[in-house]
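Chemist: Below you'll find the structure I mean.
The values are calculated or read from the model by the stated rules, or taken from the named source; none is laboratory data. Model, not experiment: these values are computed from the prediction. Because the Cβ atoms are built from the backbone with ideal geometry, glycine has one as well, and the counts that use them run over all protein chains shown.
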Amino acid sequence: MSVVRSLRIRLGATQVGSLFGLDDGRVYFRFDDAYAKNPSRPVLSQLYVVAPALGGDAQTAAQAVASAEAATVAQLLDPGLDVNRGDGKFGLPPFFQNLLPEGPLRKQLIGDLGLAVDDELGLLAACGGDLPGDVWADAETLDDAALGRLIGQSRDSYEMSSGQVPTPQQTSISGMQPKVALVLDGPGRYVMRSRQMAGRHFIGKLPTSEFEHLPEVEYSALRLAAAAGVEVCDFSLEPLSVIADRLPYAMQQDGRNFLLVSRFDRDVDSATHRLHIEDFAQVTGTPSAGKYAGTYAAIGLLLKRRSSRGEADVDELLRRIKVSELLGNYDAHLKNFSLMYPLGEPGPRLSPAYDIVAYGIYISGSGHGLPFLPGPEKRTLLTPRTLRELANAWDIPEKRLREAVTRCVDQAMTSWPALLKELPLSDPHRARLAQYIQRNADVQSWRKRHPDAPWF
């Protein structure tokens with residue numbers, strides 16, 4: 001007899017489908033027919049949207065939109081869609097797998113809940129009321145007809161005598177750095193919240209023994225990125241003492257700081273007070289373990305075709321790539337870029353930057369977390385040749401891309417020398433970061449053109 005666990009997936013108040021797994025390790029997701037056939041459905045992920053063909057007159061464009069919608073519906077109704085299948089070893093399909101917590105939080109939750117390490121469905125059930133964005137995973141009880149629909153129409157054959165087991169009901173925060181979910185509990189006081197607690201929501205990025213003064217370094221990197229023209233999230237540097245509860249006593253008393261980041265996917269004027277977001281591992285259907293397998297070319301192409309801001313978001317992507325290169329942020333992978341779905345706007349757009357760290361302070365290296373284009377080259381820089389290749393891949397004039405990078409470098413070099421002196425970095429960190437920045441070829445070229453400008 002097959003044993004089924006099932007979660008009801010919704011996007012805000014909209015019912016989307018069922019995520020179900022059997023005790024042999026197979027996990028599947030199936031969209032509801034009503035969701036798939038609704039032309040006004042909210043988008044769960046660009047992964048499931050077929051984009052219309054570009055070009056042509058108004059009539060051709062309308063036909064392309066209708067054709068793309070029909071293809072999208074057919075894809076949503078396909079019970080054997082590959083991206084809706086887990087790995088057969090209790091892993092979730094990629095979109096849902098990338099909703100799960102990572103790093104220390106994941107290990108802690110698995111231990112606290114008594115889950116098997118590979119039980120991703122159980123972990124999603126536990127975090128289902130507080131996932132990133134506006135996705136919800138609620139415990140679902142299925143009748144025989146619903147069980148038959150889910151199990152009987154998949155690509156694999158199942159034993160048709162099946163029964164269901166209940167699922168339990170934590171916070172899911174992605175990323176490897178130690179983090180806690182916080183709620184403002186009064187002026188200058190934050191508490192580690194339980195799910196759905198009222199109040200303004202934040203993420204606290206905690207200090208770690210691996211990288212000395214990491215909160216100060218990330219705070220400084222975000223300040224520098226903003227000065228270079230990058231759109232960043234709201235953040236501040238705060239003492240650990242303002243977290244009012246549940247921190248280890250020694251951490252409360254040691255006088256260190258943490259990075260407080262405002263959650264742009266929370267506290268919005270909607271029925272659930274949440275804003276839908278998805279990272280580019282979800283957008284591209286990439287399992288979380290493959291977050292370094294994408295390319296910046298693919299991200300840019302998706303932004304051009306799917307973002308409501310189009311090429312303006314491609315410019316923003318280039319700024320983030322260049323700033324990461326200048327600061328030694330070697331870890332800009334698929335999960336560090338996200339689409340957000342602002343209320344009242346016609347489509348998604350690139351979210352503010354939320355994870356820029358100047359690892360060049362700690363680690364010698366160069367290059368980026370992802371390759372620019374498919375191929376064997378790794379850790380390459382944003383050179384004129386690379387820009388030319390990206391222009392071809394994106395069908396955007398090379399001049400536009402070059403001007404976007406030039407403006408970014410110019411803003412950085414006119415603001416960073418003074419800003420670097422006031423940032424809360426240790427003197428050795430400040431010196432190492434200045435040295436790292438000055439080694440960049442674009443910085444050296446800028447310096448030759450502006451020999452009298454203030455310098456580090």
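Chemist: Anything in segment 326-336 that is surrounded by fewer than 22 Cβ atoms within 10 Å (Cβ to Cβ) and either more than 15 Å from the chain's Cα centre (by Cα) or in the same structural domain as VAL83 (by TED's automatic domain parsing) (or both)? List them, or say none.
Modeler: TYR330
Chemist: Could you list, in sequence order, all residues of segment 51-69 that are part of a loop (DSSP other than H, G, I, E, B) and surrounded by 16 or more Cβ atoms within 10 Å (Cβ to Cβ)?
Modeler: Once the filter is applied, which keeps residues that are part of a loop (DSSP other than H, G, I, E, B) and surrounded by 16 or more Cβ atoms within 10 Å (Cβ to Cβ), segment 51-69 yields only PRO52.
Chemist: Yes or no: ALA181 closer than 21 Å to PHE96 by Cβ and modelled with pLDDT of 85 or more?
Modeler: Spelling it out, ALA181 is indeed closer than 21 Å to PHE96 by Cβ and modelled with pLDDT of 85 or more.
Chemist: When the residues of segment 38-50 are narrowed to those that are in a loop (DSSP other than H, G, I, E, B) and in contact with a helix residue (DSSP H, G or I) (Cβ under 6 Å, 6 or more places away or on another chain), which ends up surrounded by the fewest Cβ atoms within 10 Å (Cβ to Cβ)?
Modeler: VAL50
Chemist: Right, something else. When you check ILE363 against the structure, is it in the same structural domain as TRP416 (by TED's automatic domain parsing), closer than 23 Å to ALA225 by Cα and modelled with pLDDT of 95 or more, yes or no?
Modeler: no
Chemist: So which pairs qualify, if the first residue must be in segment 123-139 and assigned by TED's automatic domain parsing to the domain that holds GLY12 and within 19 Å of PHE337 (Cβ to Cβ), the second must be part of a strand (DSSP E or B) and of a type in the set (Lys, Arg), the Cβ gap must be under 9 Å, and the two must be at least 6 apart or on different chains?
Modeler: GLY133/ARG274; ASP134/ARG10; ASP134/ARG274; VAL135/ARG10; VAL135/ARG274
Chemist: Keeping to segment 328-347, report how many residues are part of a loop (DSSP other than H, G, I, E, B) and either at pLDDT below 90 or closer than 29 Å to LEU275 by Cα (or both). Write out each step before concluding.
Modeler: Going through segment 328-347, the residues part of a loop (DSSP other than H, G, I, E, B) turn out to be 328-333, 337, 341-347.
When the remaining residues are screened for being either at pLDDT below 90 or closer than 29 Å to LEU275 by Cα (or both), the result is 329-333, 337, 341-347.
Counting residues in segment 328-347 that are part of a loop (DSSP other than H, G, I, E, B) and either at pLDDT below 90 or closer than 29 Å to LEU275 by Cα (or both) gives 13.
Chemist: Which residue, of GLY255, GLY285, GLY229, GLY294, is crowded, with 17+ Cβ neighbours inside 10 Å and either over 16 Å from the mean Cα position of the chain (by Cα) or part of a helix (DSSP H, G or I) (or both)? Outline the logic, then answer.
Modeler: On the way: GLY255 fails: crowded, with 17+ Cβ neighbours inside 10 Å; GLY285 fails: either over 16 Å from the mean Cα position of the chain (by Cα) or part of a helix (DSSP H, G or I) (or both); GLY294 fails: either over 16 Å from the mean Cα position of the chain (by Cα) or part of a helix (DSSP H, G or I) (or both).
Step by step, each of GLY255, GLY285, GLY229, GLY294 is checked, and only GLY229 is crowded, with 17+ Cβ neighbours inside 10 Å and either over 16 Å from the mean Cα position of the chain (by Cα) or part of a helix (DSSP H, G or I) (or both).
Chemist: When you look at GLY175, is it at pLDDT 90 or above and either surrounded by 14 or more Cβ atoms within 10 Å (Cβ to Cβ) or not polar (S, T, N, Q) (or both), yes or no?
Modeler: Answer is no for this residue.
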